[in-house]
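Novice: Okay, handing you the structure first.
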Protein chains: 2
Amino acid sequence: MRVGFIGTGIMGKSMCLHLLNGGHSVTVYSRTKSKCDDLIAKGATYAPTPAAVGANSDVVFTIVGYPSDVRQVILGENGVLSTLNDGGIVVDMTTSEPSLAKEIYAAAKAKGVSSIDAPVSGGDVGAKEARLSIMVGGDATALEKVMPLFQLMGKNIRHMGGAGAGQHTKMVNQILIATNMIGVVEGLLYAYKAGLDLNEAIAAVGAGAAGSWSINNMGPRIAKRDFNPGFMVEHFIKDMGIALKESQAMGLSLPGLALANQLYLAVMAQKDGGKLGTQALMLAFEKLNCIDRD
Amino acid sequence: MRVGFIGTGIMGKSMCLHLLNGGHSVTVYSRTKSKCDDLIAKGATYAPTPAAVGANSDVVFTIVGYPSDVRQVILGENGVLSTLNDGGIVVDMTTSEPSLAKEIYAAAKAKGVSSIDAPVSGGDVGAKEARLSIMVGGDATALEKVMPLFQLMGKNIRHMGGAGAGQHTKMVNQILIATNMIGVVEGLLYAYKAGLDLNEAIAAVGAGAAGSWSINNMGPRIAKRDFNPGFMVEHFIKDMGIALKESQAMGLSLPGLALANQLYLAVMAQKDGGKLGTQALMLAFEKLNCIDRD
C-alpha cells in the first residue's frame with residue numbers, strides 16, 4: 001500500500017519506521033526536512049508539502065503538534081485533502097480536538113475520501129516497541145483497511161465510535177492522568193513532610209487500592225528528583241485545554257481537571273517548565289508550600 | 001502467645017480468625033458481644049472490657065472505628081494500657097491519627113509496655129485472604145515480636161519508621177485514592193457525555209499510563225451503577241479528615257485532597273450517602289452537572 005506520513009517527531013519517527021519495516025512504500029513530510037533523514041535513508045521518499053504526500057498515497061497518517069497544525073496539514077491550502085485520490089484515507093494520530101476530527105470527517109466525505117481519528121497512548125517507548133494503544137473514531141470500513149497498518153504500530157486497537165470518538169477516548173485518558181498526578185504529588189509531599197522514605201512509601205501503597213501507573217512510574221522519578229520529560233508539561237497543558245474546551249461545550253463541570261490545569265500552569269511559570277516532564281508538578285506544589293529542595 | 005483482639009467488624013473478624021487458626025490463644029472484646037459469637041465458637045474467649053483483654057494478653061490488637069474509639073479502648077479508664085503486663089505490646093490497626101499513635105506510644109512507654117501503629121490496606125477481601133498490606137510505625141524490637149502474628153494476616157508488611165509512621169503511610173495511601181477517584185469519576189462522566197461505551201473506554205485506557213486500581217476496579221462498578229460499598233464513604237471521609245488535619249499541622253496545603261473531601265461531603269448529602277461505596281462519588285458529580293440517571 002502507498003502510505004504517507006506527516007510529522008516525524010519522537011513518536012512519528014518510530015511509527016513510520018514500523019510501516020517501512022512492514023514493507024510499505026512510504027512518502028514522508030515534515031516542516032523540518034532533516035527530521036526525515038533517517039527515514040529517507042531507510043527507503044522513504046520525501047515530499048515537499050502535505051499535498052504532495054496526499055497525491056502519492058492511499059493512506060496518509062498525520063501526527064503533528066497542535067490542532068492548528070492538524071488543520072493546516074489536512075484542511076489547509078496545501079493540505080492532504082487538496083490532493084488525496086478517491087477512496088483515500090487520512091488518519092490523524094495527533095492528540096487533537098474531537099470537534100476538529102468531526103470537521104475533517106465531513107470535509108473528507110465531501111471530497112470522496114475517508115477520515116479516521118486515532119490518537120495513541122504509550123509514549124515514546126510504546127511507539128518504539130510497537131505496542132501503542134490506538135483509540136479509533138470513524139467508519140468501520142475505513143478502519144478495516146487501515147487495521148493492518150495500525151497493527152504494525154500498536155497492540156490495544158479499539159474502535160470507539162464515529163468521528164471524534166478516538167479523540168474523546170484520549171481525553172478520558174488525559175483527564176484520568178491529570179487528576180491522578182495531583183494525588184501522586186500530594187501523597188509524596190505528605191510522605192516527605194511526615195519524614196517517610198518516599199520509595200518505601202511507594203512500595204507500601206503502590207501495589208494496592210492506591211496503586212496506579214503514575215505512582216509506580218512517576219513516583220520513583222520524583223523521589224530521585226528526575227524531572228526530565230517522558231511526556232512534556234507543555235503538551236499535557238495542550239491536552240487539558242482541549243479536554244476543558246470540549247467539556248465546556250458538552251455542558252460539563254470538571255473541577256478536578258480544572259484544578260490540575262491551573263497547577264500545571266504553575267509548573268509553566270518555572271524556568272523552562274514547559275519542557276519538563278509531567279512529574280514536575282511536584283515543583284509547583286513545593287513552591288506553593290514554600291519547600292526549597294533544589 | 002496470648003493474643004487479645006478488640007474490634008470484630010468486617011476487617012477485625014477475618015484478621016482475628018487467622019490468629020485463632022494460627023494456633024494462638026485469643027481473648028476478644030467488642031462493644032456488641034454478638035459480633036464475637038463466631039470467634040467464640042472457634043475457641044476465642046470473650047472479655048467484658050478492653051482492660052480484661054489487656055490483663056489476659058501478651059499482645060493486644062485493636063481495629064475499631066474512629067480515633068475516639070482508639071483512645072477509649074487503649075487509653076481510657078477501662079482501656080488496654082490500664083492492665084497490660086510488663087513487656088506487653090498494644091498494636092492499633094485502625095486507620096487513625098498519627099498524633100494519637102505517638103501519644104499512645106509515649107503512654108505505653110511510661111507503663112513499661114510497647115505500642116505499634118499498624119493500619120492496613122486491602123479491604124475485606126484482603127483481610128479474608130490474609131494478604132493485607134500492613135504499614136508499621138514503632139520500635140523494631142516490638143515489631144520483631146509481633147511479626148509472626150502480622151504474617152498470619154498480611155503479605156506486604158513494612159516498617160515505615162517510629163511511632164505514627166504507619167498511620168502517616170496510610171494517609172499517603174488515602175490521599176492517593178481520594179484525588180484519583182476525582183479523576184476516575186470525571187473521566188467516566190466525560191466518556192458518558194461524549195457517548196462512549198464506558199467499559200470500552202476503561203479497556204482502552206486502563207492498561208496504560210492512565211491505569212490505576214481505581215479505574216480498573218471501581219470504573220466497571222460505576223459503569224453498571226453498582227454503588228454498594230467495598231469501602232464506605234463515611235469511613236473514607238473520616239480518613240480524609242485525619243489527612244487534612246495532619247497536613248495542616250505540618251503546614252502543608254493539599255488542594256486536591258481538600259477538593260476530594262468537599263466532593264465526598266456532597267455524597268454524604270445524598271440519601272444514606274455515607275453507607276455507599278467510595279465509587280458513589282459519581283452521584284455527586286451527576287448532581288453537580290444536573291445529570292439524572294436513576
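Taken together, the values in this text are just the output of simple stated rules run on the coordinates, not laboratory data. Predicted model, so just to flag it, every value in this text is computed and none were measured. Don't worry about glycine lacking a Cβ; one is built from the backbone with ideal geometry, like all the others, and counts go over all protein chains shown.
Novice: At a threshold of 8 angstrom on Cα-Cα distance, excluding pairs fewer than six apart, so keeping six or more, what relative contact order does chain B reach in percent?
Specialist: Values: 539 pairs, mean separation 37.4, N = 294.
Reported as a whole number, the value is 13 percent.
Novice: Further question: Antiparallel DSSP bridges in the protein assembly as shown: what percent, to the nearest 5? Mind showing how you got there, number by number?
Specialist: Numbers: 9 of 59 bridges.
Restricted to the protein assembly as shown, the bridges split so that about 15 percent are antiparallel.
Novice: Name the lysines eligible as straight-distance cross-link partners of A:Lys287: C-alpha to C-alpha under 22 Å, and not fewer than 8 places from it in the same chain.
Specialist: A:Lys193, A:Lys224, A:Lys271, A:Lys275, B:Lys245
Novice: Quick one: Debye curve from the alpha-carbon atoms of the range A:57-146 only, equal weights, vacuum; give me log10 I(q)/I(0) at q = 0.18, 0.25 Å⁻¹ to two decimals.
Specialist: -0.74, -1.33
Novice: Output the peptides B:138-151, B:88-101, A:53-66, A:187-200 sorted from most to least packed, where packing is the average of other Cβ atoms within 10 Å over each peptide's residues.
Specialist: Working: B:138-151: 16.7, B:88-101: 26.2, A:53-66: 23.4, A:187-200: 21.3.
In descending order of packing, they fall as B:88-101, A:53-66, A:187-200, B:138-151.
Novice: Can you compute the modelled spin-label distance between A:Met1 and B:Leu288, with each label point 7 Å from Cα toward Cβ, in nm?
Specialist: About 4.2 nm, to one decimal.
Novice: What FRET efficiency comes out for B:Lys109 versus B:His235 if R0 is 25 angstrom and r is the Cβ-Cβ distance? Round to the nearest 0.05. The partial results should precede the final answer.
Specialist: Details: r = 30 Å, r/R0 = 1.19.
My answer for the efficiency is 0.25.
Novice: Roughly how large, in nm² to one decimal, is the mean projection of the convex hull of the alpha-carbon atoms in the range A:168-288? If you can, show how the numbers build up before the last one.
Specialist: Values: hull surface 29.8 nm².
With every direction weighted equally, the projected area is 7.4 nm².
Novice: Please find, in a Gaussian network model of chain B (springs between Cα atoms separated by less than 10 Å), the residue of B:Ile74, B:Ile202, B:Ile242 whose mean-square fluctuation is greatest.
Specialist: Sorting by GNM fluctuation, first place goes to B:Ile202.
Novice: Please give the charge dipole size of the range B:2-162, origin at the Cα centre, charges +1 on K and R Cβ atoms and -1 on D and E Cβ atoms. Round to the nearest 20 debye.
Specialist: Numbers: 15 positive and 14 negative charges, 47 e Å.
Roughly 220 debye, rounded to the nearest 20.
Novice: Also, quick follow-up: Pick out, in residue order, every one of the trypsin sites (Lys or Arg not before Pro) in the range A:199-294 that is DSSP loop and has at most 15 other C-beta atoms within 10 Å; say none if there are none. The partial results should precede the final answer.
Specialist: On the way: sites: A:Arg221, A:Lys224, A:Arg225, A:Lys238, A:Lys245, A:Lys271, A:Lys275, A:Lys287, A:Arg293; in loops: A:Lys224, A:Arg225, A:Lys271, A:Arg293.
Here the trypsin sites (Lys or Arg not before Pro) that fit, given the DSSP loop and packing criteria, are A:Lys224, A:Arg225, A:Lys271, A:Arg293.
Novice: Still on this model: Mind checking Rg over Rh on chain A, alpha carbons, Kirkwood formula for Rh? List each step's numbers first, then the result.
Specialist: On the way: Rg = 20.3 Å, Rh = 20.0 Å.
Computed over Cα atoms, the ratio is 1.01.
Novice: Over 26 Å between C-alpha atoms is what I'm after, so list which of B:Lys42/B:Lys155; B:Lys42/B:Lys102; A:Lys170/B:Lys170 land there.
Specialist: Numbers: B:Lys42/B:Lys155 24 Å; B:Lys42/B:Lys102 34 Å; A:Lys170/B:Lys170 32 Å.
Going by Cα-Cα distance, B:Lys42/B:Lys102; A:Lys170/B:Lys170 fall outside the 26 Å limit.
Novice: Across peptide A:192-199, how many C-beta atoms of other chains are within 10 Å of each residue C-beta, on average? Before the final figure, lay out each step's value.
Specialist: Working: counts 3, 7, 14, 7, 9, 5, 1, 0.
Shielding by partners across A:192-199 averages 6.
Novice: Of the trypsin sites (Lys or Arg not before Pro) in the range A:1-37, which ones lie in a loop per DSSP and count no more than 14 other C-beta atoms within 10 Å?
Specialist: Numbers: sites: A:Arg2, A:Lys13, A:Arg31, A:Lys33, A:Lys35; in loops: A:Arg31.
When the trypsin sites (Lys or Arg not before Pro) of the range A:1-37 are filtered for loop state and at most 14 Cβ neighbours within 10 Å, A:Arg31 remain.
Novice: Count charges around B:Gly87 for me, please; just the other residues with Cβ under 15 Å from its Cβ, Lys/Arg as +1, Asp/Glu as -1.
Specialist: Details: positive: B:Arg2, B:Lys109, B:Lys111, B:Lys145; negative: B:Asp58, B:Asp86, B:Asp139, B:Glu144.
Its environment carries a net charge of 0.
Novice: May I pose another question? How high is the relative contact order of the range A:144-294, given as a whole-number percent (alpha carbon pairs under 8 Å, six or more residues apart)?
Specialist: Values: 129 pairs, mean separation 40.2, N = 151.
Averaging sequence separation for qualifying contacts and normalising by length gives 27 percent for the range A:144-294.
Novice: Another question about this same structure. Please find, in a Gaussian network model of chain A (springs between Cα atoms separated by less than 10 Å), the residue of A:Ile177, A:Ile104, A:Ile40 whose mean-square fluctuation is greatest.
Specialist: A:Ile40
Novice: I'd like the orientation of helix A:140-153 relative to chain A: the angle between its Cα long axis and the longest Cα principal axis, in ° from 0 to 90, rounded to 10.
Specialist: Taking the Cα atoms of chain A, the angle to A:140-153 is about 60 degrees.
Novice: What's the local net charge at B:Met171, with K and R +1, D and E -1, over the other residues with C-beta under 11 Å away? Write out the running numbers ahead of the final one.
Specialist: Working: positive: A:Lys193, B:Lys170, B:Lys245; negative: A:Glu186, B:Glu97, B:Asp239, B:Glu246.
Here the charged neighbours net out to -1.
Novice: Within 10 Å of each Cβ in peptide B:210-223, how many partner chain Cβ atoms are there on average? Round it to a whole number, please. Present the calculation step by step, with values, prior to reporting the outcome.
Specialist: Details: counts 14, 10, 12, 8, 7, 5, 2, 1, 1, 1, 0, 0, 0, 0.
The mean count of partner-chain Cβ atoms within 10 Å per residue comes to 4.
Novice: Peptide B:254-261: average number of partner chain Cβ atoms within 10 Å per residue?
Specialist: Per residue, the number of nearby Cβ atoms from other chains is 6 on average.
Novice: In whole angstrom, and with the biggest value first, how far do the Cα coordinates of the range A:5-96 range along each principal axis?
Specialist: 29, 27, 20
Novice: Could you state the per residue volume, in Å³, of the convex hull enclosing the Cα atoms of the range B:2-162? Provide the component values of the computation, followed by the final result.
Specialist: Details: hull volume 14.7 nm³, N = 161.
Spelled out: Cα convex hull of the range B:2-162, divided by residues, is 91 Å³.
Novice: Let me ask something additional. Quick one: length gained pulling A:Thr141 to A:Ser68 fully straight, 0.36 nm per residue minus the C-alpha distance? Walk me through the intermediate numbers first.
Specialist: On the way: separation 73, 0.36 × 73 = 26.28 nm, distance 2.76 nm.
Extra length from A:Thr141 to A:Ser68 when fully extended: 23.5 nm.
Novice: Let me ask another. Rounded to a whole number, what is D in µm²/s for the protein assembly as shown from Stokes-Einstein with the Kirkwood radius over alpha-carbon pairs (37 °C, 0.692 mPa s)?
Specialist: 127
Novice: In the range A:261-294, which residues have a backbone nitrogen under 19 Å from the label point lying 7 Å from A:Val125's Cα in the Cα-to-Cβ direction?
Specialist: Label zone hits: A:276-281.
Novice: On to the next question. With n ≥ 4 as the cut-off for DSSP H runs, can you work out [θ] at 222 nm for the protein assembly as shown, using -39500 (n - 2.57) per run divided by the number of residues, rounded to the nearest 500?
Specialist: Counting only the DSSP helices, I get -15500 deg cm²/dmol.
Novice: Would you tally the net charge around B:Trp213, using a Cβ to Cβ cut-off of less than 15 Å, leaving B:Trp213 out, and scoring K and R as +1, D and E as -1?
Specialist: Details: positive: B:Arg131, B:Arg221; negative: none.
The answer is +2.
Novice: Still on this model: Between B:Asp37 and A:Ala203, what is the FRET efficiency for a Förster distance of 41 Å, r being their Cβ-Cβ separation, to the nearest 0.05?
Specialist: Values: r = 38 Å, r/R0 = 0.94.
Once rounded, the FRET efficiency stands at 0.60.
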